[in-house]
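No value in this document is a laboratory result; all are computed from the given coordinates. Since the model is a prediction, treat every value here as computed from it, not as a measurement. Here the Cβ positions follow ideal geometry from the backbone for every residue, glycine too, while neighbour counts run over all protein chains shown.
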Amino acid sequence: MSLRTRNHEGMRMTRYRISQSRFRDALLRRSACCELCELDVRELFVASHILPWALSDASQKDDPDNGLVLCVMHDGLFDKGFTSFASDGRLLVTPHLDEENRRLAGLREDMSIENWTGREDYMRRHRIRFDEAH
């Protein structure tokens with residue numbers, strides 16, 4: 001790898017970290033806990049993109065409306081397509097996750113996320129991917 005390539009890669013990673021930091025800070029101003037289970041251990045929060053970062057354009061990557069504050073467990077389930085959310089915020093869980101694993105993950109039928117303003121289109125796109133996977 002040439003010095004020029006390494007410098008370019010380093011600059012790209014620096015821009016990514018700055019962008020992620022701004023994104024996370026904006027999300028944490030909106031929510032001080034996991035938006036699904038209300039866990040309030042900040043060290044376990046993930047600034048989760050609704051429309052994945054790799055599929056987002058530059059403005060979507062930084063848009064706080066393209067994000068959720070989720071704990072590590074619920075972010076993993078959301079990111080891997082095991083969960084999504086209905087247009088009213090109700091939790092959707094894939095049928096591929098059996099009842100025991102739902103219980104172990106702390107998922108309940110009555111769970112939902114509040115405050116959808118601005119996030120509807122991103123979540124609609126997430127649901128399309130969720131539905132296609134199942």
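Here's how it looks for Gly67: its modeled amide H is under 5 Å from those of Ile50, which are all 5 or more places away or on a different chain. The loop-placed GluC sites (Glu not before Pro) in region 50-134, going by DSSP, that have at most 15 neighbouring Cβ atoms within 10 Å of their Cβ come out as Glu109, Glu114. Under the rule of at least 5 residues apart or a separate chain, name every residue whose amide H is placed under 5 Å from the amide H of Phe85. Long-range HN contacts for Phe85: Leu92. This model, with +1 at the C-beta of Lys and Arg and -1 at the C-beta of Asp and Glu, gives the chain a dipole about its Cα centre of some 800 debye. Calculation over all alpha carbon pairs of region 22-128 in 5 angstrom steps from 0 returns a P(r) of 2, 13, 25, 27, 21, 9, 3, 0 percent. With each label modelled as a point 7 angstrom along the Cα→C-beta vector, the Asp40-Trp116 pair spans 2.7 nm. In sequence order, region 26-42 has phi-based couplings of 5, 5, 5, 5, 7, 9, 9, 7, 4, 5, 9, 9, 6, 4, 10, 8, 3 Hz under the Karplus curve 6.51 cos²θ - 1.76 cosθ + 1.60, θ = phi - 60°, and Gly or Pro positions carry x.
Tilt of helix 120-133 relative to the longest C-alpha principal axis of the chain, in degrees (0 to 90, nearest 10)? Here the helix axis deviates by roughly 80 degrees.
Around the amide H of Ala105, modelled in the peptide plane, lies no amide H under 5 Å away from a residue 5 or more places distant or on another chain. The helix-based estimate of mean residue ellipticity at 222 nm for the chain, built from -39,500 (n - 2.57) per DSSP H run of four or more residues and divided by its residue count, is -14000 deg cm²/dmol to the nearest 500.
Roughly how far apart, in whole Å, are the Cα centres of region 17-46 and region 88-109? Rounded to whole Å, the Cα centres lie 22 Å apart. Per-residue 3J(HN,Hα) values for region 67-84, derived from phi via the Karplus relation 6.51 cos²θ - 1.76 cosθ + 1.60 with θ = phi - 60°, read x, 9, 8, 10, 6, 3, 4, 6, 5, x, 5, 5, 5, 8, x, 7, 9, 8 Hz in sequence order (x marks Gly and Pro).
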